[in-house]
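The values are calculated or read from the model by the stated rules, or taken from the named source; none is laboratory data. The model shown is predicted, which means the values in this text are computed figures rather than measured ones. Because the Cβ atoms are built from the backbone with ideal geometry, glycine has one as well, and the counts that use them run over all protein chains shown. Accessible surface areas use protein heavy atoms only, side chains included; no ligands, DNA or RNA. Shrake-Rupley method; radii C 1.70, N 1.55, O 1.52, S 1.80 Å.
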Amino acid sequence: PYELNNIAFDFIAVETNRNFMVKYQYALVEYTENFNFDEVEWSPLSAKSTANYNNLWEGKYTFLLKAQTPEGNRTPIQTYHFTVLPPWWRTWWMYALYGLALIGIVYLIVKLNGRRLAARAKELTIEVEKATKEIIEQKKIVEDKHKEITDSIHYAKRIQQAILPTDEYITQILPDSFLFYQPKDVVSGDFYWVESLPLPLSKGGETPSPSGRAGEGHTFFAVADCTGHGVPGAMVSVVCSNALSKTLLEEGIVETGKLLTRAKEIVIERFAKSGGVRDGMDIALCSLKLSENSAPSGNYELQFSGANRPLIIVRNGELIKIKPDKQPIGKSTNNQPFTSHTITVLKGDMVYLFSDGYADQFGGEKGKKFMTKQLYDLLIQIANKPLSVQQNTLKQTLKTWQ
């Protein structure tokens, strides 16, 4: 038994005459079927006839003993086999119980954890259902708001379209022209403006004579770029377009420089009511003077005024740039009257007005702006082509660039 694992061996060899001269060697080894006595570590030769072993671990052992006579003869090796049994807590059946207990504990932990997870999953399901319900409600609110905003934006588009001349009107007034208008959003801060006053005009240009007919007189056309984008830009465009129409049609101002100067005053007055908003527009404005006695050569007088936007004329493969005044139509530090430039346009000239939208588009291999210089080179290339081809080339070039 394990509690009796302190063992003492007493031994003696029979020697009748000189028993005190008998020497002993002994060893304790683990039991094995086939002993190799050469590998055993024997105790030193000694006359001691007792061997003690304390706290032996459980297992099978063999006690080996041999003696040496006074004459030096060795006795055969004696063996004694014995087994120290393990304590009860290290028996196989206890290990089996340990295993069963471990399995039971693991099962209990899994079971309890499963219940906890199931309870948590149920809580999460309730929370998810609640959150889903709230999300659906919020989604409904967002969709309703989105619809309201979208409807408002589309209505703003209708209002803005009301201030833009129709394609039929542009074709009637300026038959040899094309328009490339591509707003970034539903509504835009850029707009175009076309008006015509028939000839002859009364002195001072105040009231058009009803005897004139469409296509004769002063034809006004402009491209404007208002501050802001989307709905804010569109709202500014309505104010600025109305200022142009009021100046021309109600006040009868036909000189482009004076027209822009007066339009600037109106815009500043309109926005002064909202606390001095610094909104306004950049614009390129032209007046083409037509008459029943226009020169057979097809040369006409073109008047131009610009607020930060130039006039470009391509003539015989060369680009002519008429610079604008460096001030906007709106509140600014520079409030000088706008300059009126009078130019004779020749047959075959191409006149271009544009906002900064085209040149400011990002794209290309390096993701940079198109830039005005590249736009000028493109206009020179296409100026002698049919107008429909020019329009399509500008459209496809921009699409490819983007």
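Would you call K258 in contact (Cβ under 8 Å) with a residue 24 or more places away in the chain, open to solvent by less than 30 Å² (accessible area, probe 1.4 Å), over 14 Å from W193 (Cβ atoms) and among the basic types (K, R)?
Spelling it out, it is not the case that K258 is in contact (Cβ under 8 Å) with a residue 24 or more places away in the chain, open to solvent by less than 30 Å² (accessible area, probe 1.4 Å), over 14 Å from W193 (Cβ atoms) and among the basic types (K, R).
Restricting to the stretch 381-402, name every residue that is surrounded by fewer than 15 Cβ atoms within 10 Å (Cβ to Cβ) and under 21 Å from I313 (Cα atoms).
Answer for the stretch 381-402, where residues must be surrounded by fewer than 15 Cβ atoms within 10 Å (Cβ to Cβ) and under 21 Å from I313 (Cα atoms): Q381, N384, K385, P386, L387, S388, V389, K395.
Return only the number of the condition from (1) over 25 Å from T227 (Cα atoms); (2) in contact with a Leu (Cβ under 6 Å, 6 or more places away or on another chain) that Y376 does not satisfy.
Among (1) over 25 Å from T227 (Cα atoms); (2) in contact with a Leu (Cβ under 6 Å, 6 or more places away or on another chain), Y376 violates only (1).
Just checking, which of G189, G212, G205 is among the small types (G, A, S), under 22 Å from S305 (Cα atoms) and at pLDDT below 80?
When all the criteria are applied, what remains is G205.
For the stretch 353-390, how many residues meet the condition of being among the polar types (S, T, N, Q) and farther than 26 Å from K323 by Cβ?
Final tally of qualifying residues: 1.
In the stretch 140-168, what residues are free of Cβ contacts under 8 Å to residues at least 40 places away in the same chain, assigned to a helix (DSSP H, G or I) and open to solvent by less than 80 Å² (accessible area, probe 1.4 Å)?
D144, T150, D151
Are there any pairs, at least 6 apart or on different chains, whose C-beta atoms fall under 7 Å, with the first in the stretch 23-44 and in contact (Cβ under 8 Å) with a residue 24 or more places away in the chain and the second open to solvent by 100 Å² or more (accessible area, probe 1.4 Å) and assigned to a loop (DSSP other than H, G, I, E, B), and if so, which?
Close Cβ pairs satisfying both conditions: Y24/K48; A27/E41.
Looking only at residues that are in contact with a helix residue (DSSP H, G or I) (Cβ under 6 Å, 6 or more places away or on another chain) and not in a strand (DSSP E or B) in the stretch 327-337, which one is surrounded by the fewest Cβ atoms within 10 Å (Cβ to Cβ)?
P337
Output the qualifying pairs, or none if there are none: Cβ atoms under 7 angstrom, residues six or more apart or on different chains, first residue in the stretch 348-361 and assigned to a loop (DSSP other than H, G, I, E, B), second residue crowded, with 19+ Cβ neighbours inside 10 Å and among the aromatic types (F, W, Y).
Y358/F370; A359/F370; Q361/F370
Tell me, yes or no, whether the stretch 242-254 has at least one residue that is without any contact (Cβ under 8 Å) to a residue 24 or more places away in the chain, buried (at least 17 other Cβ atoms within 10 Å of the Cβ), under 15 Å from S305 (Cβ atoms) and β-branched (V, I, T).
yes
Inspect all residues belonging to the stretch 117-139 and state whether any of them is open to solvent by less than 100 Å² (accessible area, probe 1.4 Å), in contact (Cβ under 8 Å) with a residue 40 or more places away in the chain and of a type in the set (V, I, T).
No, the stretch 117-139 contains no residue that is open to solvent by less than 100 Å² (accessible area, probe 1.4 Å), in contact (Cβ under 8 Å) with a residue 40 or more places away in the chain and of a type in the set (V, I, T).
Does A13 fit the bill of being among the small types (G, A, S), part of a strand (DSSP E or B) and touching a residue at least 24 places away in the same chain (Cβ under 8 Å)?
So A13 does not fit the description; no.
In the stretch 338-359, what count of residues is obtained for those that are touching an Asp or Glu at 6+ places or on another chain (Cβ under 9 Å) and surrounded by fewer than 17 Cβ atoms within 10 Å (Cβ to Cβ)?
Counting residues in the stretch 338-359 that are touching an Asp or Glu at 6+ places or on another chain (Cβ under 9 Å) and surrounded by fewer than 17 Cβ atoms within 10 Å (Cβ to Cβ) gives 4.
What are the pairs with Cβ atoms under 7 angstrom where one residue, in the stretch 301-326, is in contact (Cβ under 8 Å) with a residue 12 or more places away in the chain and open to solvent by less than 60 Å² (accessible area, probe 1.4 Å) and the other, located anywhere, is assigned to a strand (DSSP E or B) and acidic (D, E)? Sequence gap at least six, or different chains.
Filtered contacts from the stretch 301-326: G306/D325; A307/D282; A307/D325; N308/D282; R309/D225; R309/D282.
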